[in-house]
């Protein structure tokens with residue numbers, strides 16, 4: 001009996017041992033499979049990362065030549081784009097048709113991207129095939145990899161805003177007071193403030209009209225005001241400064257001498273270019289035309305104006321270019337004066353200018369300046385007041401600041417840009433970029449100007465009349481550049 005039992009137990013042990021060997025063998029196979037999968041997938045990831053880097057670089061290389069493509073843009077019409085992209089890929093070891101590599105360039109991009117048919121865009125796709133290292137044991141002898149990139153060469157597009165306020169936390173600072181009048185914006189109004197109840201204040205029985213009102217925080221409407229924005233989306237996010245990377249214009253040399261076109265016997269005032277003692281960085285006295293110059297006509301030229309510009313009397317033609325104001329700011333007051341941008345040598349409205357409000361480099365702070373936070377000099381803002389004054393200027397027409405008319409230095413915190421249409425007439429066309437400034441607009445009767453305002457905070461006052469700010473994208477600053485979009 002015991003002999004039979006021992007034999008049975010021995011057979012069971014042999015069977016269990018056989019099962020263990022089978023399970024061990026199967027586990028070895030599974031572990032090898034997992035190892036093969038992990039190794040080959042890891043290598044495929046590395047290959048794809050390299051292909052993506054090359055596709056990105058190739059798309060950017062081709063995008064450089066998009067601006068020279070005739071319309072309609074296509075591979076056939078844009079050989080320089082295609083050749084540049086293909087050459088870049090080949091230089092990195094990805095030659096089309098070699099070792100299973102395929103490089104495909106599409107102008108414009110195809111339907112496999114989010115930018116199908118987009119102008120001024122190029123798509124580059126790179127696909128390859130590599131032999132499996134371990135996965136071939138299981139019958140997978142090769143693996144395919146690939147990457148795709150889209151780059152654009154933007155010749156310039158304008159922001160959709162008429163009014164963009166950048167202060168992220170202001171409460172009760174951004175105000176539109178109709179005072180019985182109205183404010184009409186041709187473009188979007190966007191307020192970055194996250195103040196829950198007073199990111200934007202509307203008051204004074206006025207009417208705000210705009211195609212869209214984007215406010216991160218809350219809007220308070222009081223005093224019988226009316227908000228006629230056709231669209232007020234929820235969940236608005238902070239936009240931020242779209243021109244944060246735009247450098248300030250470099251400091252230019254001294255302007256050409258002021259030319260007296262007509263007038264009496266008074267000479268060019270001291271402090272102005274061409275006078276007996278023009279302002280300098282070491283002695284920034286500013287260029288100021290007092291009311292005694294009523295009836296005179298002068299021609300001014302672009303350049304560095306240390307200590308500011310002040311117009312109280314006279315008529316002034318501003319030749320095209322950048323007016324780099326070092327401290328002292330821009331002031332236009334008095335009665336009957338007129339400032340106008342003109343084409344070179346002309347006497348009618350045209351041309352194009354940029355007023356840059358920068359720092360006065362003099363270590364002695366001048367009267368009326370605000371001490372600069374980063375140095376011993378000072379700043380001053382923009383002020384237009386007075387009676388029957390006239391300002392007609394449009395943004396500079398060429399160069400990296402084309403379409404911009406006023407640029408307030410970012411270091412000038414607490415700056416003010418005041419445009420008073422209540423007692424003056426102004427026609428400003430272009431982008432006003434004042435990222436650290438409060439812009440104040442006052443209108444009386446009908447005040448209309450085509451400007452795009454990018455500022456820290458703003459206040460408008462219809463004062464019983466209307467302020468009309470039509471949107472003219474062609475006249476505003478355009479963002480430009482080459483970059484990846486996918």
Between residue 448 and residue 129, what's the calculated FRET efficiency when r is the beta-carbon distance and R0 is 51 Å? Round to 0.05. 0.20
What span do the alpha-carbon atoms of region 161-479 cover on each of the three principal axes, reported in whole Å from largest to smallest? 60, 40, 34
Rank these for me by crowding, 319, 123, going from fewest to most other beta carbons within 10 Å. 319, 123
Normalised by the number of residues in region 242-291, what is the relative contact order in percent for Cα pairs under 8 Å and 6+ residues apart? 25 percent
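What percent do you get for the relative contact order of region 161-479 when only Cα pairs under 8 Å and 6+ apart count?
Reported as a whole number, the value is 16 percent.
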Distance in nm between residue 349 and residue 485 label points, each 7 Å along Cα→Cβ, equals 3.5 nm
Could you put 342, 405 in order, starting from the residue whose Cβ has the fewest other Cβ atoms within 10 Å? 342, 405
In nanometres, what is the gap between the two model label sites at residue 335 and residue 221, each 7 Å from Cα along Cα-to-Cβ? 4.3 nm
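Counting other beta carbons within 10 Å of each residue's own, what order do 120, 53 fall into, fewest first?
If I rank by nearby Cβ atoms, fewest first, I get 53, 120.
For an R0 of 60 angstrom, estimate the FRET efficiency from the Cβ-Cβ distance between residue 102 and residue 251 and round to the nearest 0.05.
Working: r = 52 Å, r/R0 = 0.87.
The computed FRET efficiency comes out at 0.70.
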Label points 7 Å out from Cα along the Cβ direction at residue 280 and residue 241: separation in nm? 3.3 nm
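Using only the Cα atoms of region 222-289, build the gyration tensor, take square roots of its eigenvalues as a ≥ b ≥ c, and label the shape rounded, prolate or oblate: rounded if a/c is under 1.5, else prolate if a/b is larger than b/c, else oblate. Let's see the in-between values first.
Values: a/c = 4.10, a/b = 2.17, b/c = 1.89.
Prolate shape, in that a/c is at least 1.5 and a/b is the bigger ratio.
Coordinate-derived values only; no laboratory data. Quick caveat, the model's predicted, so the values are computed rather than measured. Backbone-built Cβ (ideal geometry, glycine too); neighbour counts: all protein chains shown.
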